[in-house]
1. Among residues other than residue 77 whose Cβ falls under 13 Å from its Cβ, what is the net charge (Lys/Arg +1, Asp/Glu -1)?
2. So, in nm, how far is label residue 43 from label residue 29 when the simple model puts each one 7 Å beyond its Cα toward the Cβ?
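Coordinate-derived values only; no laboratory data. Computed from a prediction, not measured in an experiment: that's the story for all the values here. Methodologically, a virtual Cβ is constructed for each residue, glycine included, from the backbone with ideal geometry; neighbour enumeration extends over all protein chains shown.
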Amino acid sequence: MPLDVDRIMLGALRTETRMGFSWHVQPMSAANAQKAYRCPGCELLVEPGTAHVVVWRADSIFGERAVEDRRHWHAACWRVNACG
């Protein structure tokens with residue numbers, strides 16, 4: 001199995017408890033960030049080529065609904081907003 005440098009540098013999928021819920025938090029490397037997304041924390045764009053985190057509720061059902069519920073956050077915005 002090849003060494004996954006992005007996973008080592010950024011971390012693997014983890015679960016965090018914030019705002020009274022459990023959340024899956026998946027780091028996204030700059031190399032893998034190929035689309036722009038609107039960050040729900042600051043409402044600014046997470047530009048292509050920007051490392052960030054993808055977040056969704058841990059109790060989401062798998063399948064299409066779970067994919068639709070994912071949100072792309074600037075890592076700093078997730079840290080600040082998720083702690084409140």
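1. Working: positive: 18, 38, 71, 79; negative: 43.
Local charge sum for residue 77: +3.
2. So the two model labels end up 3.4 nm from each other.
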